[in-house]
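The values are calculated or read from the model by the stated rules, or taken from the named source; none is laboratory data. Computed from a predicted structure; not experimentally measured. Virtual Cβ from ideal backbone geometry, glycine too; neighbours counted across all protein chains shown.
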Amino acid sequence: MVCYLDANNDSLCSCISVITKLGKKLGLRQRIIATATVFFRRFYLKNAYCETDPFLVVAACCYVAAKAEESPVHIRTVLMDARSLFSRALTSVH
């Protein structure tokens, strides 16, 4: 089982793809999506992938990146869009 993400890991690529999809669904600019991706990668430099829920981390990174880039999105909007996106992502995996 892979517990840490690296640049060659398929899980990292799929999570970055989910960040991009969530960002587009929220109407975020490309700079904010890039910032969320950086936050995601930095988080998993210090934390094990198997100890956290990556979908929760994706939503948190998008929310914090929007605030950091001074284009805030309401947390309720992030959660509703993330929930609908993740339910589709989980059903396509299984």
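For Phe39, are the conditions met, namely being aromatic (Phe, Trp, Tyr) and at pLDDT 95 or above?
On the way: aromatic (Phe, Trp, Tyr): yes; at pLDDT 95 or above: yes.
For Phe39, the condition - aromatic (Phe, Trp, Tyr) and at pLDDT 95 or above - is met.
Taking the criterion of being assigned to a helix (DSSP H, G or I) and either over 12 Å from the mean Cα position of the chain (by Cα) or not hydrophobic (A, V, I, L, M, F, W, C) (or both), the residues of the stretch 29-42 that qualify are Gln30, Arg31, Thr35, Thr37, Arg41, Arg42.
Criterion applied to Glu51, Glu70 was being at pLDDT below 90 and of a type in the set (Asp, Glu), and the one residue passing it is Glu51.
If you go through the stretch 11-28 and keep only what is surrounded by fewer than 13 Cβ atoms within 10 Å (Cβ to Cβ) and either touching a residue at least 12 places away in the same chain (Cβ under 8 Å) or not in a helix (DSSP H, G or I) (or both), you end up with just Gly27. Could you check the stretch 61-76 and list, in sequence order, the residues that are in a helix (DSSP H, G or I), crowded, with 18+ Cβ neighbours inside 10 Å and of a type in the set (A, V, I, L, M, F, W, C)? Cys61, Cys62, Ala65, Ala66, listed by residue number.
So, of the residues in the stretch 43-60 that are aliphatic (A, V, I, L, M) and in a helix (DSSP H, G or I), which turns out to be farthest from Gln30 (Cα to Cα)? Break it down stepwise before answering.
First, the residues of the stretch 43-60 that are aliphatic (A, V, I, L, M): 45, 48, 56-60.
Adding the requirement that they be in a helix (DSSP H, G or I) leaves 45, 56-60.
Working: Leu45: 23, Leu56: 21, Val57: 19, Val58: 15, Ala59: 16, Ala60: 17 Å.
Per the criteria, the residue is Leu45.
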